[in-house]
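Take a look at the structure set out below.
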Amino acid sequence: MNPAELQVVSEEPPQQSAQEEPPHRHGTRRAALWADVPDAQWNDWRWQLSHRLNSLEELSQIINLTPEEVEGCRSAHFRVDITPYFASLIDPDDPNCPIRRQVIPTGRELTAFAGMYEDSLNEDGHSPVPGLVHRYPDRVLMLVTTQCASYCRYCTRSRIVGDAAAQFSRSDYDRQIEYIAATPQIRDVLLSGGDPLVLPPKILEDILRRLRAIEHVEIIRLGSRVPVFMPQRITPELVAMLRQFHPLWLNIHFNHAQELTPEVSQALGLLADAGIPLGAQTVLLAGVNDSVEVMKELVHKLVRNRVRPYYLYQCDLVEGAGHFRTTVSKGIEIIEGLRGHTSGYAIPTYVVDAPGGGGKIPVMPQYLISQAPGKVVLRNFEGFITTYDEPNDYSGHTVARPEHAAADDEPDQPGVYGLLAGQRSHIKPEGFDRTHARLGSVTWDPAPLTMTVAPVNGNGKHRI
Ligand SMILES: *Cc1c(COP(=O)(O)O)cnc(C)c1O
């Protein structure tokens, strides 16, 4: 992809409607504490960042804190910081307010639970250089900052996020970018953190420019919650900077329809008008969005704002998040309540990010209910049961593997697909051979059973 081609679109002037009317006039009610703040300050993201609430005293000026929240504020292990804008969305008198539950700590955060980890996704174990997580064959997660505009109580990366002493430096970026440049199989770089959109604009631009200069990096993605916590940050200048680096995608963390205020809609409009494809990532949270009705309202509002729901995550097994966890069946029930009932565009993929570093595993209701040679039995969202007759003369279509695809190979990781493609006959868990090498027995070596036959899938190997 030639980025120069895509820059042609950037010649139209940035949308100016943002200047015509200060967004709060038709937008979010400010908490009384900030009633006298001039609009120019309220709408300035730097003002929002420097006036964040983080102490019990500050929070109790705008919220009637419960004893459990007071305990949480006094003893939280994980940083508290909330922008005045986001704090204004909190219902001061409702302890169950879904906005409030995401950012105000409670004493329940301190409760340990079975299966709890510090780094539940084993990201550190997949980091070839600090801050770079290379978990999948062709893409990397690049952590560029530990700072966010506000802090989510269930943060999956609370082991590093929010710690002002654990910042990434210029030399960390250098090493991350060097690794990417030296690893041609990486075609997709996902910037996250922390939140990349709180970086000083020049630093973010420099990282994007250096990534864009790497020929094999096809797409760049940002993962951010800034549009939700601080829509003031999405200025025409920021958007003009981002659009230079197309193809650039943005995934935004949304959990509840109440987060889609007029200010946020306007920010999303600016981003979408700049040709940035927008996705949403949502964490399934007990007491916040664990119902079909809440989730349906959220996904409908997202697609109306040109945001495509991408992932719905099962809450990770991370310290502080125990009380936010739901059963997996709740997530399946939510997908059951969406699929078929609403636009396919509005339905995210529900995933469990596997503890121990297995990566994202999609989970969904079972629609394939039986099968026999030549026939599958399926059910739809209404419970209508049907059969699909498969062709009995289908033999598949194979295409020679293109030269450049060799760079994508991870020889040790053919996956379950490798079983289907005949590259392997089985996958063994670690320690399997040791367990089964009982006294005197030999380990079965499948290699002698492999013979070469006419090329299939370009690899020439078939099992007999
Ligand atoms: C989620 C994630 C990605 C991106 O996964 P996609 O399914 O391509 O969105 C990449 N690396 C890591 C470590 C991740 O956790």
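The values are calculated or read from the model by the stated rules, or taken from the named source; none is laboratory data. The model shown is predicted, which means the values in this text are computed figures rather than measured ones. All Cβ positions, glycine included, derive from the backbone under ideal geometry; neighbour counts span all protein chains shown.
Scoring D163 on the criteria (1) away from the ligand (no atom under 16 Å from the Cβ); (2) of a type in the set (D, E, K, R); (3) at pLDDT below 95; (4) within 20 Å of G322 (Cα to Cα) leaves a single failure, condition (4).
Can you find a residue that is within 30 Å of Q266 (Cβ to Cβ), touching a Leu at 6+ places or on another chain (Cβ under 9 Å), of a type in the set (S, T, N, Q) and within 16 Å of the ligand (Cβ to nearest atom) anywhere in region 339-359? The answer is yes, given that some residue of region 339-359 is within 30 Å of Q266 (Cβ to Cβ), touching a Leu at 6+ places or on another chain (Cβ under 9 Å), of a type in the set (S, T, N, Q) and within 16 Å of the ligand (Cβ to nearest atom).
Reported count of residues in region 106-144, each being modelled with pLDDT under 90, crowded, with 18+ Cβ neighbours inside 10 Å and within 11 Å of the ligand (Cβ to nearest atom), is 2. Quick one: how many residues across region 255-279 are in a helix (DSSP H, G or I), surrounded by 20 or more Cβ atoms within 10 Å (Cβ to Cβ) and in contact with a Gly (Cβ under 7 Å, 6 or more places away or on another chain)? The total comes to 1. With respect to the conditions (1) in contact (Cβ under 8 Å) with a residue 12 or more places away in the chain; (2) out of contact with any Phe, Trp or Tyr (no Cβ under 7 Å at 6 or more places or on another chain); (3) within 30 Å of V189 (Cα to Cα), V133 lacks only one, and its number is (1). Of the helices (runs of 4 or more DSSP H) that lie entirely inside region 31-80, those containing 1 or more residues that are in contact with a Leu (Cβ under 6 Å, 6 or more places away or on another chain) and surrounded by 14 or more Cβ atoms within 10 Å (Cβ to Cβ) span 56-62, 67-75.
Taken over region 120-169, the criterion of being of a type in the set (D, E) and in contact with a strand residue (DSSP E or B) (Cβ under 8 Å, 6 or more places away or on another chain) is satisfied by E123, D138. Scanning region 152-191 for residues that are crowded, with 17+ Cβ neighbours inside 10 Å, closer than 25 Å to L317 by Cα and over 22 Å from the mean Cα position of the chain (by Cα) gives no hits.
Here the condition is being touching a residue at least 40 places away in the same chain (Cβ under 8 Å), surrounded by 11 or more Cβ atoms within 10 Å (Cβ to Cβ), more than 16 Å from the ligand (Cβ to nearest atom) and not in a strand (DSSP E or B); of E382, E333, it holds for E333 alone. In the set (1) away from the ligand (no atom under 16 Å from the Cβ); (2) modelled with pLDDT under 95; (3) under 30 Å from A114 (Cβ atoms), V328 fails one condition alone, (2). Criterion applied to V217, V239, V189 was being more than 24 Å from P98 (Cα to Cα), in contact with a Leu (Cβ under 6 Å, 6 or more places away or on another chain) and in a helix (DSSP H, G or I), and the one residue passing it is V239. Can we say G374 is farther than 27 Å from E293 by Cα and either within 24 Å of the chain's Cα centre (by Cα) or basic (K, R) (or both)? The answer is no for G374. Taken together, the residues in region 280-293 that are surrounded by fewer than 18 Cβ atoms within 10 Å (Cβ to Cβ) and either touching a strand residue (DSSP E or B) at 6+ places or on another chain (Cβ under 8 Å) or touching a residue at least 60 places away in the same chain (Cβ under 8 Å) (or both) amount to 1.
Look at region 180-207: where a residue is within 15 Å of Y151 (Cα to Cα) and a partner is aromatic (F, W, Y) and away from the ligand (no atom under 14 Å from the Cβ), sitting 6+ places away or on another chain with Cβ atoms under 9 Å, you get G193/F168; G194/F168; D195/F229; V198/W45. Do we have T326 as crowded, with 16+ Cβ neighbours inside 10 Å and over 23 Å from P227 (Cα atoms) here? Answer is yes for this residue. Only residues that are free of Cβ contacts under 8 Å to residues at least 40 places away in the same chain and either in a loop (DSSP other than H, G, I, E, B) or touching a Phe, Trp or Tyr at 6+ places or on another chain (Cβ under 9 Å) (or both): list them for region 91-114, please. Matches in region 91-114: D91, D93, D94, P95, C97, A114.
Quick grid of which residues meet (1) within 16 Å of the ligand (Cβ to nearest atom); (2) of a type outside the set (V, I, T):
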site: T183; (1), (2): yes, no
site: R210; (1), (2): no, yes
site: E215; (1), (2): no, yes
site: G223; (1), (2): yes, yes
site: Q232; (1), (2): no, yes
site: Q258; (1), (2): no, yes
site: E263; (1), (2): no, yes
site: L268; (1), (2): no, yes
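Quick one: would you say G194 is within 16 Å of the ligand (Cβ to nearest atom), surrounded by 18 or more Cβ atoms within 10 Å (Cβ to Cβ) and in a loop (DSSP other than H, G, I, E, B)? Answer is yes for this residue.
Is it true that N255 is in contact with a helix residue (DSSP H, G or I) (Cβ under 7 Å, 6 or more places away or on another chain) and not charged (D, E, K, R)? Considered against the rule, which asks whether it is in contact with a helix residue (DSSP H, G or I) (Cβ under 7 Å, 6 or more places away or on another chain) and not charged (D, E, K, R), N255 comes out as yes.
Please verify whether region 77-90 includes one or more residues that are within 25 Å of the chain's Cα centre (by Cα) and either farther than 27 Å from Q232 by Cα or within 16 Å of the ligand (Cβ to nearest atom) (or both). Within region 77-90 (the criterion being within 25 Å of the chain's Cα centre (by Cα) and either farther than 27 Å from Q232 by Cα or within 16 Å of the ligand (Cβ to nearest atom) (or both)), the answer is yes, since at least one residue qualifies.
Do we find a residue being part of a strand (DSSP E or B) and either among the β-branched types (V, I, T) or at pLDDT 95 or above (or both) anywhere in region 407-425? For region 407-425, residues part of a strand (DSSP E or B) and either among the β-branched types (V, I, T) or at pLDDT 95 or above (or both): absent.
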